[in-house]
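Take a look at the structure below.
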Amino acid sequence: MPDDDGGEPNAPAKKRWRLGRADIGARADATREEFRAQVTATRAELKAQMEATRAQIDHANEKIEARTGRNLPLAILIGLALGFAMLFSLIVVKELFMIVAAFLIGFTAFELASALRSSGRRVPRWPTVIAALATVPAAFYLGDGGKWLVSLAGIGFVVAWRVLELASPRMRGPAREVWRDLAAGAFIQVYIPFLASFSVLLTAQPGGEWWTLAFLILVISVDTGAYATGLTLGKHPMAPRISPKKTWEGFTGSVAAAAIAGILLSIFMIQQPWWFGLIFGAVIVATATIGDLTESLLKRDLGIKDISTWLPGHGGFLDRMDSIVLSSAAAYVLFLIFA
């Protein structure tokens, strides 16, 4: 039945219901807008904080890279990967160390040949790599005599290849330049595969894998000690014309690290008296430092910062192998004398 004003009996209730629902909808819309605004503000704040943090990290990395000349976080990751490969091969099956050694020696010989070619020396790259790789199984299976014979044969192979290239008019040059090419090819074979394969020769000896692991840990200790003390305390350049970033403070730190690591490794890894650790550490700190300075002098003569850019944060393989090549020969000599 209609009400007095002619409307529906429930019209006021329906009107109130519609008004209530509209009010609830308006509040919900306001809440959603407030939530969206809060989310947007929070997102903007997080983005600003992330950008500020990233800027701080980049600034810190730039300062570290300016001081050290390398991308430190990436260098650490690559160093850990190479270290794990060596550790696994030496501890699990030492024959696997030949694969790791062949990989490092082959790439190092190739990049050094490429660097010398960029400076004008016509060094045949692939013959250089083939000759370098041949020294690895020779050192492991044929012993000292086989290693020497294969190394000499490798030098002859690279020299002969360059001589045969003279048949091509494009590969000819003045006699003086050809002799320099031959000397550069022979230098690579002596500097990289001959010296570095002493680590393979050492590993092949009974118990030699522990000596190899010990001298590699010593080299890492020397580099770490020099890096840490040189970065924090370094003020007096050791050889400014050859390696401006190497300091006497860093060298002192490397000596201390080598002495501590040498004693611990002698007692707990290679079963030698504690005093041998001092000899071991002193020899490796000397060979590692000489190796580092030698590579720095080579790069200075070539007019380059890094031998290559294959290892981000490190430069090239030779930039990581420079302290190892001469140290491996020294470690083998110490093994023959004391073990």
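Would you pick out the residues in segment 299-319 that are at pLDDT below 75, buried (at least 19 other Cβ atoms within 10 Å of the Cβ) and among the hydrophobic types (A, V, I, L, M, F, W, C)?
Matches in segment 299-319: I307, L311.
If you scan segment 237-256, which residues turn out to be of a type in the set (S, T, N, Q) and within 22 Å of K305 (Cα to Cα)? Full working, then the answer.
First, the residues of segment 237-256 that are of a type in the set (S, T, N, Q): 243, 247, 252, 254.
Across segment 237-256, the qualifying residues are S243, T247.
What are the residues in segment 191-242 that are surrounded by fewer than 18 Cβ atoms within 10 Å (Cβ to Cβ) and of a type in the set (S, T, Y), if any?
T224, T232
Hey, does segment 118-134 have a residue that's open to solvent by 10 Å² or more (accessible area, probe 1.4 Å), among the aromatic types (F, W, Y), touching a helix residue (DSSP H, G or I) at 6+ places or on another chain (Cβ under 9 Å) and farther than 30 Å from F338 by Cα?
yes
Any idea which residue in segment 90-101 is farthest from P206 (Cα to Cα), counting only those that are out of contact with any Ser or Thr (no Cβ under 9 Å at 6 or more places or on another chain) and free of Cβ contacts under 8 Å to residues at least 60 places away in the same chain?
So the first thing to find is which residues in segment 90-101 are out of contact with any Ser or Thr (no Cβ under 9 Å at 6 or more places or on another chain), and the list is 91-93.
The next check asks that each one be free of Cβ contacts under 8 Å to residues at least 60 places away in the same chain; those that pass are 92-93.
Numbers: V92: 15, V93: 13 Å.
Among residues in segment 90-101 that are out of contact with any Ser or Thr (no Cβ under 9 Å at 6 or more places or on another chain) and free of Cβ contacts under 8 Å to residues at least 60 places away in the same chain, the one farthest from P206 (Cα to Cα) is V92.
Of the residues A109, A186, which is open to solvent by less than 20 Å² (accessible area, probe 1.4 Å), in contact with a helix residue (DSSP H, G or I) (Cβ under 9 Å, 6 or more places away or on another chain) and either among the hydroxyl-bearing types (S, T, Y) or under 28 Å from A330 (Cβ atoms) (or both)?
Working: A186 fails: open to solvent by less than 20 Å² (accessible area, probe 1.4 Å).
Answer to the check: A109.
Restricting the first residue to segment 294-305 and requiring it to be touching a residue at least 40 places away in the same chain (Cβ under 8 Å), which pairs with a second residue that is assigned to a helix (DSSP H, G or I) and surrounded by fewer than 14 Cβ atoms within 10 Å (Cβ to Cβ) meet a Cβ separation below 7 Å and a spacing of at least six or different chains?
From residues that are touching a residue at least 40 places away in the same chain (Cβ under 8 Å), there are no pairs.
Name the pairs whose Cβ atoms lie under 6 Å apart, with the first residue in segment 260-276 and on the phi < 0 side of the Ramachandran plot and aromatic (F, W, Y), the second assigned to a helix (DSSP H, G or I) and crowded, with 20+ Cβ neighbours inside 10 Å, and 6 or more positions between them or separate chains?
F276/S266
Residues being free of Cβ contacts under 8 Å to residues at least 24 places away in the same chain, surrounded by fewer than 21 Cβ atoms within 10 Å (Cβ to Cβ) and in contact with a Ser or Thr (Cβ under 9 Å, 6 or more places away or on another chain): count how many of those fall in segment 245-259.
Start the filter on segment 245-259 by keeping residues that are free of Cβ contacts under 8 Å to residues at least 24 places away in the same chain, which leaves 247-249, 252, 259.
This time we only want the ones that are surrounded by fewer than 21 Cβ atoms within 10 Å (Cβ to Cβ), so: 248-249, 252, 259.
Remaining after also requiring in contact with a Ser or Thr (Cβ under 9 Å, 6 or more places away or on another chain): 249, 252.
The number of residues fulfilling the criteria is 2.
The values are calculated or read from the model by the stated rules, or taken from the named source; none is laboratory data. Note that the structure is predicted; figures quoted are calculated from it, not measured. All Cβ positions, even for glycine, are placed from backbone atoms using ideal geometry, and neighbour counts span all protein chains on display. These accessible areas exclude ligands, DNA and RNA; they are computed on the full protein's heavy atoms, side chains included. Shrake-Rupley method; radii C 1.70, N 1.55, O 1.52, S 1.80 Å.
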